[in-house]
Amino acid sequence: MDEAARQAAAGTEEGTVVIAENQTAGRGRQGRDWVSRQGNLYLSVVFRPSPQTLPFLTMLSAVATVRAIRKTTGLEPRIKWPNDIQLGGRKVAGILVESAVQGDVVTYAISGIGINVNLDIDKVGDIAGFATALNAAAGRPVAREAVLRQLLQELDSLYLQTAQGDSPLAEWRGLLETLGQRVRAYWGNETHIGQAEDVDGAGNLLLRLDDGRRITLTAGDVTLHGLEQ
């Protein structure tokens, strides 16, 4: 990592940035393992947001990641609701936000971001079917330091704007490839199939079921492919 990237990673307006070459106990959503390999970016950013800002951390982290990838590679990522960044329908980055709240006070919130930057997809058979990397999509090696610097700048800017009342919802919504798609959504032991119509002001997915009912999904996983229209 070059000196400019080290300075950018030293801290944000709110707290600390921790960067790892790889992870031995990385976690994804719903308790899944997060597979990490060298050559990529794995970082956690500590925030101390207000209760009003906390619900937008996943959104702003996703928007910041998309902006950073776009500005450093020229690629145009999309977001699969709620927190996967994709290129050409394959996952290139993931986001997990965890927080500690005591009463009306947010003690802290951590935004964990993993980006596949330089990865030989042909040699990672366990994820090759659904994942990609920036170098594979761009057709050239990608400097991790450049992606990191841009990502931290975007995070800082978006966080400050959100704290001042400028929600990232509109930009996040515009990047969602899920909307308008027929999807299968999983939440716990429940499975719902329908049309992803929209998201509400909190980022929850509004799903129109085949029987005409519309339900609100606050979390879960969605599958976009392999569904009959």
Unique match (being surrounded by fewer than 12 Cβ atoms within 10 Å (Cβ to Cβ), out of contact with any helix residue (DSSP H, G or I) (no Cβ under 7 Å at 6 or more places or on another chain) and more than 30 Å from Glu21 (Cβ to Cβ)) among Gly139, Gly201, Gly188, Gly220: Gly188
- line: Within segment 98-113, the count of residues that are open to solvent by 40 Å² or more (accessible area, probe 1.4 Å) and either closer than 30 Å to Ala137 by Cα or assigned to a strand (DSSP E or B) (or both) comes to 8
task: Take segment 35-53 and flag every residue that is open to solvent by less than 40 Å² (accessible area, probe 1.4 Å) and under 23 Å from Gly165 (Cβ atoms).
output: Val45, Val46, Phe47, Pro49, Thr53
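Give segment 83-95 a look and list any residue that's open to solvent by less than 40 Å² (accessible area, probe 1.4 Å) and not in a loop (DSSP other than H, G, I, E, B), or say none.
Asp84, Ile85, Gln86, Leu87, Val92, Ala93, Gly94, Ile95
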- prompt: Which fully enclosed strands (runs of 3 or more DSSP E) of segment 153-229 have 2 or more residues being free of Cβ contacts under 8 Å to residues at least 12 places away in the same chain and among the hydroxyl-bearing types (Ser, Thr, Tyr)?
  reply: none
message: Quick test of your reading of the structure: Glu145 fulfils all but one of (1) within 20 Å of Val17 (Cβ to Cβ); (2) within 17 Å of the chain's Cα centre (by Cα); (3) of a type in the set (D, E, K, R); (4) outside any strand (DSSP E or B). Name the failing condition by number.
response: (2)
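The values are calculated or read from the model by the stated rules, or taken from the named source; none is laboratory data. Because the structure is a prediction, the values reported are computed rather than measured. Here Cβ is always computed from backbone atoms with ideal geometry, including for glycine, and neighbour counts include all displayed protein chains. Only protein heavy atoms, including side chains, enter the accessible area calculation; ligands, DNA and RNA are left aside. Shrake-Rupley method; radii C 1.70, N 1.55, O 1.52, S 1.80 Å.
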